[in-house]
1. Taking the options 220, 191, name whichever one is buried (at least 20 other Cβ atoms within 10 Å of the Cβ), free of Cβ contacts under 8 Å to residues at least 40 places away in the same chain and either touching a strand residue (DSSP E or B) at 6+ places or on another chain (Cβ under 7 Å) or closer than 28 Å to residue 90 by Cα (or both).
2. With respect to residue 40, determine if the residue is surrounded by fewer than 22 Cβ atoms within 10 Å (Cβ to Cβ), assigned to a loop (DSSP other than H, G, I, E, B) and without any contact (Cβ under 8 Å) to a residue 12 or more places away in the chain.
3. Here are some residues: 229, 239. Which one is buried (at least 24 other Cβ atoms within 10 Å of the Cβ) and either modelled with pLDDT under 95 or touching a strand residue (DSSP E or B) at 6+ places or on another chain (Cβ under 6 Å) (or both)?
4. Consider the stretch 1-21. How many of its residues are closer than 15 Å to residue 80 by Cβ and either in a helix (DSSP H, G or I) or out of contact with any helix residue (DSSP H, G or I) (no Cβ under 6 Å at 6 or more places or on another chain) (or both)?
5. Within the bounds of the stretch 59-75, is there any residue that is surrounded by fewer than 20 Cβ atoms within 10 Å (Cβ to Cβ), assigned to a helix (DSSP H, G or I) and either touching a strand residue (DSSP E or B) at 6+ places or on another chain (Cβ under 8 Å) or modelled with pLDDT of 95 or more (or both)?
6. Give the stretch 145-188 a look and list any residue that's outside any helix (DSSP H, G or I) and farther than 21 Å from residue 127 by Cα, or say none.
7. So, in the stretch 15-28, how many residues would count as being more than 24 Å from residue 228 (Cβ to Cβ) and surrounded by fewer than 19 Cβ atoms within 10 Å (Cβ to Cβ)?
């Protein structure tokens, strides 16, 4: 039996069903706590919003999501467990840290003056994957790391090495953030060089470079999976749209890479801090919802020639392969 840690306890991988592999039920950029005079947390509202998002995904046939908010961006295991229990959904939370530019690097940056932060972060990740997070008893199921646009900083390299070490100890999958869809091949190379199992790695936000098929292939050559996981964000950082994403998925499937493509939206269903409602008024975010894969991408891929069996491979089989 192969099991994965969900926030509600271990679940057989074979029972996960259709899965969204990169979503955020709760997310806050580091610094939101310092603005607390101007906003308040209402856990009931957070749970209600997150549960409503989950119910939308359930109605489309999904039964699992990876909630990959990193440790420094408002991760809330107890709240996630409440959502999972209220909805009957499988929620898998992450251990790990965001990329340097939008994360909180100061703490481990300070510790690096006198300690081995690769060892310290790896120790933390292993503990959260095998024992639980901060006394809650809730275990993480995946590892999250990220890199900057156009480069991998020394801090990010330390997190990559720690993630590879933690994966070696636990077998947990690694999911990454690539800022603006850059550094995919570099992430894959460095992770493999650090000892990560490429079959248990998803390089994230690769659809940010969906027009560049050579970029996709240069990443895939390391044996990793790739995330087309910002579906719904159209023309946000560049001229990439969901139509371009689907065309590239088809091109990759035709080249034999169906088993290494992962779909999701990277949706944020609660922003910690002052209201971000105006963000969703931007034209680029019109379709950026947890429902976009189910309502637009899956029908679009069927119209382009994929079968229901192909969709099940993308959403079920590829997830199961992360645990071997």
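The values are calculated or read from the model by the stated rules, or taken from the named source; none is laboratory data. Everything numeric here is computed off the predicted structure, so don't read it as measured data. Here Cβ is always computed from backbone atoms with ideal geometry, including for glycine, and neighbour counts include all displayed protein chains.
1. On the way: 220 fails: free of Cβ contacts under 8 Å to residues at least 40 places away in the same chain.
Residue meeting the stated conditions: 191.
2. Spelling it out, residue 40 is indeed surrounded by fewer than 22 Cβ atoms within 10 Å (Cβ to Cβ), assigned to a loop (DSSP other than H, G, I, E, B) and without any contact (Cβ under 8 Å) to a residue 12 or more places away in the chain.
3. 229
4. Number satisfying all stated conditions: 5.
5. Scanning the stretch 59-75, I find at least one residue that is surrounded by fewer than 20 Cβ atoms within 10 Å (Cβ to Cβ), assigned to a helix (DSSP H, G or I) and either touching a strand residue (DSSP E or B) at 6+ places or on another chain (Cβ under 8 Å) or modelled with pLDDT of 95 or more (or both), so the answer is yes.
6. Result: 147, 148, 149, 150, 151, 152, 153, 177, 178, 182, 183.
7. 1
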